[in-house]
Amino acid sequence: MGRGILFRRPNKYDMGRVSGRVLRERANMSFCIVIIFFAVFFVIVLTEIFLIDQSSRSRNRRPHSHQKSNYEDAHGEDYLVYQGIAEEGRVGLFARPQYLLPNQLSPFKPNINVSIPAKDGIWQTVVGTRYKFFVFSAYYDWRTTKLIRIMGATKTRGPDRVWCLFWYNASNTTHTVTGKVKVIRENWNLKYSACFVLCPIQGNTTVPDSVSIMGRSVLTPSNRLIVNRATGNKKIQPTPPPDKIGICVKPLHFAYNQTLQMLEFIELNSLLGMDHITFYNDSISSTTDCILRHYMRLGRVTVLPWKLDMASQREIRTEGLFAALNDCLYRSMYKFSFVALIDLDEIVMPKHNDTIQEFIEWMGTRINTKNTGSFSFQNAFFYLQWPDDKSLSNDPFESSLTTLRKTRRRLKLHPHKQRSKYICRPEHVIEAGNHFVWEFIPGHGTVNVPSDAAILNHYRVCEFGGDDCVKSVSVVDRTAFRYKEKLVKRVREKWSQLRQECALSSIEDAQVKKRIVKKLDVNVEKFR
């Protein structure tokens with residue numbers, strides 16, 4: 001009997017009590033783990049806030065938020081005018097606070113090295129800074145307030161304090177003021193960014209002939225930039241020449257060697273009324289260099305060296321392209337009435353007009369463009385994986401030009417501000433972006449061009465890799481055929497003219513090889 005009681009089998013009630021106790025213990029343990037997790041997280045957050053606050057306080061600057069890298073379409077509609085309301089030193093759309101230093105004279109005198117030559121359009125080092133700091137060019141800008149605007153590249157968050165040393169050739173004197181570092185908004189949150197260095201011209205101070213930027217005002221300057229100004233006569237208000245249009249292209253890199261594409265881009269844009277193209281040379285092939293030198297001799301192209309000592313895509317966005325775009329903007333100011341900021345695989349294509357000048361005039365008959373600072377064009381992908389246009393002849397040049405071969409485009413266009421490009425009036429723009437203008441002179445804005453008036457033809461492979469893009473709903477668009485005969489003639493003549501000088505290959509031989517490879521691919525497919 002005792003043994004039966006001692007070793008009796010547990011009933012359901014006993015098992016339920018044990019199970020309930022285990023569940024309560026597990027619940028208590030889970031609750032404790034959650035409490036510990038949140039406590040640790042709270043300590044980490046407090047520590048981060050404390051460190052950031054201390055760091056900001058030590059520099060007498062404010063902590064700043066992360067910048068958005070995805071630029072949403074701000075409800076872009078056809079003909080909608082949106083204005084850039086941000087001002088120098090204030091927070092703009094998707095922008096973080098800019099670090100502006102007070103206007104004051106330096107109490108120190110730098111060690112002047114009068115032998116340092118003044119240069120323009122070449123990267124120079126700024127000494128005395130904790131992080132990399134380079135400057136490229138300087139421009140006199142009086143549109144909102146008198147200052148020297150310098151194109152540079154430096155630390156995105158917490159840039160170094162700098163000083164501006166003004167040089168005056170006539171009197172052989174110098175003058176030092178505190179500089180203001182304004183990081184360009186489109187920086188993708190990388191370590192380094194393109195930037196403006198703003199050097200105020202105070203009171204009756206005259207415009208300097210050159211300027212140096214220093215991390216410490218007592219150091220000998222390591223750079224000296226020629227100050228570009230629209231006119232030598234300070235009393236004359238400059239005006240851009242009517243109907244002259246320039247193009248700004250981001251830095252050429254990876255030993256760029258697409259010579260036929262380069263010729264096609266230059267000649268087609270010439271047919272569209274473009275007068276001049278500015279390139280930035282990070283790395284190009286000898287053949288491309290030869291072609292560009294030919295156009296430089298004709299005065300149709302400017303090529304500036306672009307060797308920026310920052311790792312592209314790891315430290316700074318694509319060879320510091322935003323410094324190049326803004327340098328080109330200010331370099332073109334008052335030299336051209338309009339400037340297009342586009343890539344080599346893009347063409348602004350009007351639907352009803354032969355030239356961009358005619359298009360702009362045509363737009364002026366439909367809306368009031370008096371305060372228009374830029375025209376935005378929707379992006380249309382002409383994927384290179386789609387088959388070539390079958391209506392082309394066997395002429396080796398006609399069948400080789402991308403804008404004639406690729407006539408099938410994606411039906412759905414990107415909204416404005418998403419992959420769009422623009423043509424702007426440089427004198428109305430303060431800060432240029434890749435896809436839209438970030439900041440205008442007050443009172444000016446962008447007109448969104450309807451797709452039935454003009455679009456941006458963009459010739460490229462599928463943007464996300466693979467070939468799935470060819471499944472997109474598409475339409476045949478042969479608007480570029482309007483220039484077919486003249487374009488083929490021009491490219492053929494240039495190729496023949498430069499073939500020996502630039503060691504160009506035979507287009508005819510390339511076409512034969514292409515047809516052989518295509519035929520072999522077809523035969524291989526049959527046997528699979």
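Within the range 312-325, identify whether any single residue is among the basic types (Lys, Arg) and closer than 24 Å to residue 266 by Cα, and answer yes or no.
No, every residue in the range 312-325 fails to be among the basic types (Lys, Arg) and closer than 24 Å to residue 266 by Cα.
Starting from the range 290-317, keep only residues that are in a loop (DSSP other than H, G, I, E, B), then list their pairs with residues that are of a type in the set (Asp, Glu) whose Cβ atoms are within a distance under 6 Å, requiring at least 6 positions of separation or different chains.
Sorted first by the residue in the range 290-317, then by its partner, the pairs are 306/282.
Name the single residue that is farthest from residue 129 (Cα to Cα) among those in the range 207-235 being of a type in the set (Val, Ile, Thr) and at pLDDT below 95.
Taking the candidates together, the pick is 231.
How many of the residues in the range 267-315 are among the aliphatic types (A, V, I, L, M), within 21 Å of residue 340 (Cα to Cα) and in contact with a helix residue (DSSP H, G or I) (Cβ under 9 Å, 6 or more places away or on another chain)?
9
So which strands (runs of 3 or more DSSP E) stay within the range 398-484 end to end and still have 1 or more residues that are in contact (Cβ under 8 Å) with a residue 24 or more places away in the chain and buried (at least 22 other Cβ atoms within 10 Å of the Cβ)?
So the answer is 408-410, 421-424, 429-432, 437-440, 445-448, 454-460.
Any idea which of (1) free of Cβ contacts under 8 Å to residues at least 40 places away in the same chain; (2) closer than 30 Å to residue 435 by Cβ is the one residue 206 doesn't satisfy?
So the condition that residue 206 fails would be (2).
In the set 327, 343, which member is under 21 Å from residue 276 (Cα atoms), not assigned by TED's automatic domain parsing to the domain that holds residue 150 and not in a loop (DSSP other than H, G, I, E, B)?
Unique residue meeting the criteria: 327.
Residues to consider are 279, 322; find the one that is out of contact with any Cys (no Cβ under 8 Å at 6 or more places or on another chain), closer than 24 Å to residue 184 by Cα and part of a strand (DSSP E or B).
Being out of contact with any Cys (no Cβ under 8 Å at 6 or more places or on another chain), closer than 24 Å to residue 184 by Cα and part of a strand (DSSP E or B) holds for just one of 279, 322, which is 279.
Out of the range 142-160, which residues are part of a loop (DSSP other than H, G, I, E, B) and not small (Gly, Ala, Ser)?
Across the range 142-160, the qualifying residues are 142, 143, 144, 145, 146, 156, 157, 159, 160.
Residue 246 - would you say it is assigned to a strand (DSSP E or B) and touching a residue at least 60 places away in the same chain (Cβ under 8 Å)?
In short, yes.
Residue 193 fails exactly one of the following numbered conditions: (1) crowded, with 20+ Cβ neighbours inside 10 Å; (2) part of a loop (DSSP other than H, G, I, E, B); (3) among the hydroxyl-bearing types (Ser, Thr, Tyr). What is the number of that condition?
(2)
Within the set of pairs 6+ apart or on separate chains, which have a first residue in the range 492-507 that is among the charged types (D, E, K, R), a second that is surrounded by 12 or more Cβ atoms within 10 Å (Cβ to Cβ), and C-beta atoms under 6 Å apart?
492/397; 494/263
The values are calculated or read from the model by the stated rules, or taken from the named source; none is laboratory data. Please read all numbers here as calculations on a predicted model, not as lab measurements. Glycine also receives a Cβ, built like all others from the backbone with ideal geometry; neighbour counts cover every protein chain displayed.
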